1. At 0.36 nm per residue, and after removing the present C-alpha to C-alpha distance, how many nm does the segment from residue 29 to residue 60 gain when stretched out fully?
2. Treat each spin label as a single point 7 Å out from the Cα along the C-beta direction, and report the residue 124 to residue 7 distance in nm.
3. With r as the distance between the Cβ atoms of residue 88 and residue 222 and R0 = 41 Å, compute the FRET efficiency 1/(1 + (r/R0)^6) and round to 0.05.
4. Using alpha carbon coordinates only, what is the Rg to Rh ratio of the stretch 1-120, with Rh defined as the Kirkwood radius?
5. Could you check how many percent of all C-alpha pairs in the stretch 1-66 are farther apart than 13 Å?
6. Fewest Cβ neighbours within 10 Å first, please rank 38, 2 accordingly.
């Protein structure tokens, strides 16, 4: 199975994030609606308590006046009963809605975390692949360089009595160990001919910055700008 690319993974992350943000927005609205339903229920309950308190005072007055017989019933109006049933049912439905929204938000959060983990894995894999390509290039270049050095050694031995050019020693040995007799004409190390070969061709940018820029490009899709040619392309 072909591994997922960071470009595909970024699309999945964006979709998962949009879905999760939508769930969070709906959840926030749902919480507000539940609070409103609870407030309506509490308001009706407070009306009930007030009605009971008023009826209790009437019963007390009736008892003090010596009236006997069963106490008058406190009968709610049809409108109040309907409002109370409606509020209870609305509150129950809103609680169920909120529970569903919370479950959806948890699910989309898990999906987003999984998508982000997949993106990181894809970015890691691409980073490893860049390193592998560069390593193969270095190995190939070293092999080609060694073959050229062997050819140079053969050329130095092929014609006896010919004085080797200055750069022959530098090409076959570590430039840092050049003998004094093979320094440049001025004896100064600030000239190109005295620069050790291994110190030439250094990238004009911090190497760590180069790799972190490329890795960030896999994560975000934004163009990396390390200011050098992509040696790991």
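1. So the extension gain works out to 6.5 nm.
2. Going by the 7 Å Cα→Cβ label model, 2.3 nm.
3. E between residue 222 and residue 88, to the nearest 0.05, is 0.15.
4. 1.42
5. Percent of Cα pairs beyond 13 Å in the stretch 1-66: 77.
6. 2, 38
The numbers here are math on the coordinates, done by the rules we state, and not lab data. It should be emphasised that the depicted structure is a prediction, and the values quoted were computed from it without experimental measurement. Cβ sites come from the backbone with ideal geometry, for glycine too, and all protein chains shown count toward neighbours.
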